[in-house]
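A short worksheet on the structure shown next.
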Amino acid sequence: MRMRRRSRVVSKAHFLSMAKHKQSISRYKKSQVLFARAVKLMPGGVSSPVRSFQNVGLSPLFVRSGAGAWATDADGNKYIDYVMSYGPLIHGHAHPAIRAAVAKQMHRGSSFGFCSESEIQLAELIASAMPHVPMVRFVNSGTEAVMSAVRLARAAAGRSMIVKFAGAYHGHVDALLVSAGSGAVTHGHPSSPGIPESVTSDTSVVEFNNAGAIEEVFARYSGCIAAVLVEPIMGNIGVILPRPGYLEALRKMCDKEGTLLIFDEVMTGWRVARGGAQSLFDVRPDITCLGKIIGGGLPVGAYGGRTELMNRISPAGPVYQAGTLSGNPLAMAAGLASLRMLSSDEPYARLEALGARLEKGLKAAAASAGVPLAVARAGSMLTPFFLTDKAGGKVENCAKALSCDTAAFARFFKTMLDSGVLIPPSQFEAWFISLAHSQEDIDATIEKAAAAFKQLKIES
Ligand SMILES: *Cc1c(COP(=O)(O)O)cnc(C)c1O
């Protein structure tokens, strides 16, 4: 008798959990069916590892469309989107001006293999916002930009060693996939097989925000270091801000050693300010790498610097670098439309206000639920770090970021997804706010995050 009653109770609980499970399956049914097809055709079913939901224990979302701050998945679920294509969409999805510019260019032709005026216009816009980039070369991705910048730096310095920072991501360039962030850390391959040691033996990895560590490397390899390559605000291990004076110290050490300073502003360019992090901190890089926002959502990259340096690139100089679709007219049109809407300070004031509101709201919600959280933010890019350290504290380097509670993050991610908020499926990525996000979107997000933090506390 007792046994039967007990089993009835158990089976009711079991039934409820099954029902809940079923509901969550049906909510993402079309995405799951698409994933089953995709995984047979593409490694992990994705075209880039960051799109996989593997590390949060889910199958990836297939997105059908986007409008403004909102994205709609294959099943028709709508989300407030903070992924924003991992940064490029500062105007939100499918902005009318960008749509019109691309359609107009498509009408005239998508690629010619000849020069077009739009390249000049985009280069002029970049030069006017970034005084240290009077000359650029356009490429097709951020990866390509950094790869080419490193080649140029090595040629100019006549040295081969590159210094990078732990947790920094500069695209999937062979020599730079050492202690790399973004998908490389999320998926547990701090460096990748298929890269011979001979290719990475000239790469030195240093802890960010630690002036002593970089001084040590300069002392050990004096006269050998071609370039220091840095994300001036790190964004691929989660957002990490430079300590006051740190970038200035890098500049000074580079000058003393005859080493070039490369700022990888693929993420921060036009994101944290029109002139990028270099304008915020007033530090001059020798070479700047760009991408993401300057392509308005189309594939693009660029690297640039002073004329004397850039004229070392072929055909002006001997450093070879080329591209069939480089300076692609569609990408130039989208980029021009995007940057033209960012020509005043007003959009940045708005993004700062929205960012500050989200930061404050997330912090307060986490505190009231008793979830230890640090929110790192630069304008409209931010990362909530789920701290394991009860003492709290700031996340100032890769080691501290890696100590975060990724299991708590995974549960938070799932609750947010189910409640209609799209954030990157990794603790080690930045969230992006766009100009299409409204104050109401931010407040709704805070409310949903508050519920997710409470849920997290109940489950723990
Ligand atoms: C995204 C990113 C890259 C790589 O750009 P892709 O277009 O993905 O190749 C390089 N550096 C930084 C800082 C980035 O955020």
Under the rule rounded for a/c under 1.5, else prolate if a/b exceeds b/c, else oblate, using alpha carbon gyration tensor axes a ≥ b ≥ c, the stretch 96-340 is classed as prolate
Taking 99-110, 61-72, 215-226, 430-441 and ranking on average Cβ neighbours within 10 Å, highest first, one gets 430-441, 61-72, 215-226, 99-110
For the chain the translational diffusion coefficient, Stokes-Einstein from a Kirkwood Rh over Cα pairs at 37 °C and viscosity 0.692 mPa s, in µm²/s, is roughly 141
HN-Hα couplings for the stretch 314-321 via Karplus (6.51, -1.76, 1.60; θ = phi - 60°), in whole Hz with x for Gly/Pro, come out as 4, x, 5, x, x, 7, 7, 6
Row for the stretch 378-460, column shape: gyration tensor on C-alpha, a ≥ b ≥ c, rounded if a/c < 1.5 i.e. under 1.5, prolate if a/b over b/c, else oblate; value oblate
Rounded to the nearest 10, the angle in degrees between the Cα long axis of helix 2-27 and the longest principal axis of the Cα atoms of the chain comes to 40
Two pseudo-spin positions, 7 Å from Cα along C-beta at residue 311 and at residue 192, lie apart in nanometres by 3.7
Partner aspartates and glutamates whose C-alpha sits under 19 Å from that of residue 256, ignoring same-chain residues fewer than 8 away, are 215, 216, 248, 282, 286
Rounded to the nearest 10, the angle in degrees between the Cα long axis of helix 329-340 and the longest principal axis of the Cα atoms of the chain comes to 80
Of 449-455, 144-150, ordering from highest average Cβ density within 10 Å down gives 144-150, 449-455
Ranking 85, 260, 337 by how far each Cα lies towards the positive end of the charge dipole of the chain (+1 on Lys and Arg Cβ, -1 on Asp and Glu Cβ), the top one is 85
Flagged as over-length at 32 Å C-alpha distance, from 40/104; 29/360; 394/454; 292/414, the pairs are 40/104; 29/360
Of 208-214, 176-182, 273-279, ordering from highest average Cβ density within 10 Å down gives 176-182, 273-279, 208-214
In the stretch 96-340 the accessible area split gives carbon plus sulfur, as whole percent at 1.4 Å, a share of 55
Between residue 40 and residue 106, the FRET efficiency computed from the C-beta separation at R0 = 41 Å comes out, to the nearest 0.05, as 0.80
Rg/Rh over Cα atoms for the stretch 210-281, Kirkwood Rh, comes to 0.98
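The values are calculated or read from the model by the stated rules, or taken from the named source; none is laboratory data. What you are looking at is a predicted structure, and each value in this text was computed from that prediction instead of being measured. Cβ: placed from backbone, ideal geometry, glycine included. Neighbour counts: every protein chain shown. These accessible areas exclude ligands, DNA and RNA; they are computed on the full protein's heavy atoms, side chains included. Shrake-Rupley method; radii C 1.70, N 1.55, O 1.52, S 1.80 Å.
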